[in-house]
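Just below is one structure, and these are the notes that go with it.
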Amino acid sequence: MFFRLWIFAIVFMLSACGATGPTNGSAQPENLMQIDSVDIQIAESTPVQVSTRLQGTLADGCTSLSTISQERTENTINIILTAEHSGDEACIMVAPMIDETVVLEGEFPPGEYIVRVGDIEQTFNV
């Protein structure tokens, strides 16, 4: 009886994982992670140094954060996160947490700035 229950549990877990994870590794990054918060941190230094703390979750145990990049146009900074799925059909259904600090590049003379990460937008003043 225990053996049948064990086999059922494994089949159930494998079928659930295969149904939710991409099978060819081609899923778009926005489907592989969710950013929950973006916190701006301004260091009292000369020159001013600004960083962001990004928190969220990845889709499953087969997904990992692969790159973090940033693009700046005047006072708007876009942070781009890229996640990759291993392509495995069987994945642990535990959503790994993202907790990354990104130092913003460039100088920050006095003024208002906007940081965008996906759909989240935060403003700060220097």
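Please sort by residue number the GluC sites (Glu not before Pro) in the range 70-113 whose DSSP state is loop and whose Cβ has at most 12 other Cβ atoms within 10 Å. Don't jump to the answer; show the numbers that get you there.
Numbers: sites: Glu71, Glu74, Glu84, Glu89, Glu100, Glu105, Glu107, Glu112; in loops: Glu74, Glu89, Glu105, Glu107.
Counting only loop positions with at most 12 other Cβ atoms within 10 Å, the GluC sites (Glu not before Pro) in the range 70-113 are Glu74, Glu105, Glu107.
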- prompt: Taking H as built 1.01 Å from N, whose amide H comes closer than 5 Å to the amide H of Ile120, not counting residues under 5 places away?
  reply: none
- request: Please list, in chain and number order, the residues 5+ apart from Ile98 or on another chain whose amide H is under 5 Å from its amide H, with Hs placed from the backbone.
  value: Gly56, Thr57, Leu58
statement: Under 5 Å from the placed amide H of Gln49, counting only residues 5+ away or on other chains, we find Ala43
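Every read-out reported here was derived from the displayed coordinates using simple, explicitly stated rules and does not represent laboratory data. Everything numeric in this text was worked out from a predicted model, so none of it was measured. All Cβ positions, glycine included, derive from the backbone under ideal geometry; neighbour counts span all protein chains shown.
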